[in-house]
Amino acid sequence: LPLSFAQERLWFLDQLDEGSPVYNIPWAMRLRGDLDKAALQRAVDQLLKRHESLRTGFFTVRQEPAQRIADITSLPICEEQLAVASAAELSQRLTTLTHLPFNLRQPPLLRVHLLATDNREYVLLLVIHHIIADGWSMGVLMHDLADLYAAEAQHKADMQRLEQEKA
């Protein structure tokens with residue numbers, strides 16, 4: 001598939017400074033309370049399936065940039081325990097994760113990190129390359145992820161209730 005003009009510009013800039021994190025878009029959210037990690041993983045996987053842009057990689061075909069949608073069905077969430085970290089250490093870790101480079105030829109151009117900061121407190125960090133998202137689409141993705149997580153968590157609760165009723 002051909003690239004949009006904005007994607008061509010970002011692809012060209014990546015060719016000049018390959019792997020630069022300048023166009024990484026971070027989005028972090030503090031989560032408090034019980035977190036169903038399995039439901040979160042299923043929600044991330046559903047998000048990946050639902051949005052082709054998240055599965056898109058960028059290649060050169062006949063010396064021209066092109067994009068291809070990969071057949072990726074899962075994106076593992078990278079989990080870390082930072083229970084004893086100070087606020088400054090947490091901030092530094094988030095900055096480090098945000099600045100990890102993407103290889104535009106290797107989709108997905110999205111990373112999901114879950115940092116446990118306490119027994120029932122987490123920071124969810126999504127980092128996405130600007131070639132597949134912008135500020136507006138990040139809002140859409142985050143809203144979609146929240147809805148998918150709620151649906152997955154509710155489905156699990158419904159299934160547990162049915163199992164209890166059978167017993």
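The values are calculated or read from the model by the stated rules, or taken from the named source; none is laboratory data. Note that the structure is predicted; figures quoted are calculated from it, not measured. Cβ sites come from the backbone with ideal geometry, for glycine too, and all protein chains shown count toward neighbours.
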Taking the stretch 65-92 and keeping residues modelled with pLDDT of 90 or more and more than 23 Å from Ser137 (Cα to Cα) leaves Glu79, Glu80, Gln81, Ala88, Glu89, Leu90, Ser91, Gln92
Does Leu148 meet the test of being in contact (Cβ under 8 Å) with a residue 40 or more places away in the chain and more than 29 Å from Asp17 (Cα to Cα)?
yes
If we keep only residues of the stretch 113-144 that are under 18 Å from Leu82 (Cα atoms) and part of a loop (DSSP other than H, G, I, E, B), then the residue modelled with the highest pLDDT is Arg120
Mind checking which strands (runs of 3 or more DSSP E) fall wholly inside the stretch 1-112 and carry at least 1 residues that are buried (at least 17 other Cβ atoms within 10 Å of the Cβ)?
24-32, 56-61, 64-69
Residues Leu13, Leu1, Leu90: which one is of a type outside the set (Val, Ile, Thr) and touching a helix residue (DSSP H, G or I) at 6+ places or on another chain (Cβ under 9 Å)?
Leu13
